[in-house]
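Below is one structure, written out as structure tokens; the observations come after it.
Read-outs: derived from the displayed coordinates by stated rules, not from any lab. Keep in mind the model is a prediction, meaning the values are calculated, not measured. Here the Cβ is made from the backbone with ideal geometry for all residues, glycine too, and neighbour counts use every protein chain on show.
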Amino acid sequence: MKRKVLLIYTGGTIGMEKDYESGSLVPFDFSNIFKKIPEMKLIECEVSVHPFKKPLDSSDMGPNEWKIIANYIGKNYEKYDGFLILHGTDTMSYTASALSFMLKNLRKPVILTGSQLPIGDLRTDAKENLLTSLYYASLYENDEAVIQEVAVYFEYKLLRGNRTLKYSAEYFDAYRSPNYPVLGQSGVHLKVEKDLLLRPKTDAEFTVDDHISRDVLFWRIFPGMHLDHFSEIPNMKVLILQVFGSGTIFNTEKTQQILKFLRERGTEIVVVSQCVSGGISFGKYSNSNIFNTIGAISGHDITAESAITKAMHLLENPNYEGSFSENFSKSLCGEVTE
Ligand code: ASP
């Protein structure tokens, strides 16, 4: 039986070609994809293509597009065995993270991929990324999808989507998953690390929860930074503070005063690390004690991309019981080590 895959093309380099007159990259008509990559017809699955009307550079992708994609998957969930999203590389990790929170109790693969070079380029990485992603998106065993989560496939590696970050603007090997091992690798054989894959925690049905709030701010601290700015920012319901190493911040009166003021004003403070590998450990150094004192939330080893989209999804979301802090501290879909 041929598995059915819905390919959603959103934009990005993967769907562009060089306009030889202007020398710039421009999107090509994606309904011609089978002409560009005739090998797609050879794969043992049936692919339906749904291109965005106006392909977007991924820097233009945001909450509206995440909702559109999530709901489109929701609408077509029963009709397809797997989903492949072609996406610009710049913000792919944000979209992958947001979708992982929106698509609840997923039992089918949702794979995101893109490329560093356009499909028409002789040295393109697009073909391999696209073709192998199709394999992963249609991989079933005993009538059960092997991948049941949102994943990013790029340059021979399958990674948990909400653990990824774009690491390189230059190399084909553009993504990293610093705090969670690779889920699968494409070599001579297509490998999957079954023990590392996510499975829904309950028997509950698949649903889409597209709640997203934008009252979230992300701030990277630096030596010598003025903290006063924070007290002037309105509607900052969640502040994600990207601090040093395993959770330290300059230990001044001002730090204490401003962070306490924010907490009293009702701002949730989530602490993540500027190190991409490893994570936050409150209490390890005395310069992290302030976070315990004010009741800040530790982001542990979550990525910045995942912390931001998780906060946006959880903030004032009526579908969750319990406080923001309780829900943020849990792993919802493998985004943080528990
Ligand atoms: N600027 C492009 C994008 O993210 C880069 C890419 O696709 O690689 O849409």
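For Leu315, nonlocal amide neighbours, meaning residues 5 or more places apart or on other chains whose placed amide H falls under 5 Å from its own, are Ser213. Counting neighbouring beta carbons within 10 Å and listing from fewest to most, the residues Ser186, Ser213, Ser115 come out as Ser213, Ser186, Ser115.
In segment 68-121, Rg over Rh equals 1.01, where Rg is the alpha-carbon radius of gyration and Rh the Kirkwood radius from pairwise Cα distances. Working note: Karplus 6.51/-1.76/1.60 with θ = phi - 60° gives segment 73-82 the couplings 5, x, 5, 9, 4, 6, 6, 10, 8, x Hz, where Gly and Pro are set to x.
Centre-to-centre separation between the Cα atoms of segment 259-310 and those of segment 145-172: 26 Å. When Leu86, Leu122 are arranged by Cβ crowding within 10 Å, least crowded first, meaning fewest neighbours, the order is Leu122, Leu86. Per-residue ellipticity at 222 nm, computed for the chain from helices alone with -39500 (n - 2.57) per DSSP H run of at least four residues, works out to -6500 deg cm²/dmol.
Measuring nothing but how far apart in sequence close Cα pairs (under 8 Å, 6+ apart) lie, relative to its length, the chain scores a relative contact order of 15 percent. In a reduced charge model with +1 at each Lys and Arg Cβ and -1 at each Asp and Glu Cβ, segment 184-324 shows a dipole moment near 420 debye about its Cα centre. With distances taken between every two different alpha-carbon atoms, the chain has a Kirkwood hydrodynamic radius of 20.9 Å.
Residue ranges 46-58, 171-183 sort as 171-183, 46-58 when ordered by packing (mean number of other C-beta atoms within 10 Å per residue, highest first). Restricting segment 69-163 to trypsin sites (Lys or Arg not before Pro) that sit in a DSSP loop and have at most 10 other Cβ atoms within 10 Å of their own Cβ leaves Lys79, Arg123. Ordering Tyr20, Ile69, Pro38 by Cα displacement along the dipole of segment 11-83 toward the positive end leaves Ile69 in first place; charges were set at the Cβ atoms of Lys, Arg (+1) and Asp, Glu (-1). Taking the number of Cβ atoms within 10 Å of each Cβ as an exposure proxy, the fewest-first ranking of Asp143, Asp90 is Asp143, Asp90. Evaluating 6.51 cos²θ - 1.76 cosθ + 1.60 at θ = phi - 60° for every residue in segment 214-230, the Karplus couplings come out as 10, 7, 10, 10, 10, 9, 9, 7, 8, x, x, 5, 7, 8, 4, 3, 4 Hz, glycine and proline recorded as x. Sequence neighbours fewer than 8 away in the same chain don't count; with that in mind, list the lysines whose C-alpha is under 20 Å from Lys2. Filter leaves Lys41, Lys79, Lys108.
In this calculation the C-beta distance from Asp19 to Asn319 is compared with R0 = 56 Å, giving a FRET efficiency of 0.80. Taking amide H atoms as placed 1.01 Å from N in the peptide plane, the amide H of Ile111 lies under 5 Å from those of Phe83, Leu84, Ile85, Ala151, each 5 or more residues away in sequence or on another chain.
Here's how it looks for His300: its modeled amide H is under 5 Å from those of Ile280, which are all 5 or more places away or on a different chain. Using θ = phi - 60° in the Karplus curve 6.51 cos²θ - 1.76 cosθ + 1.60, the 3J(HN,Hα) couplings for segment 34-50 round to 5, 6, 5, 10, x, 4, 4, 6, 7, 6, 6, 8, 9, 10, 10, 9, 10 Hz; x is entered for Gly and Pro.
Peptide packing for 281-288, 202-209, 237-244 was compared via the average number of neighbouring C-beta atoms within 10 Å per residue; ordered from the highest value, the list is 237-244, 281-288, 202-209. Segment 322-338 and segment 10-29 have Cα centres lying 40 Å from one another.
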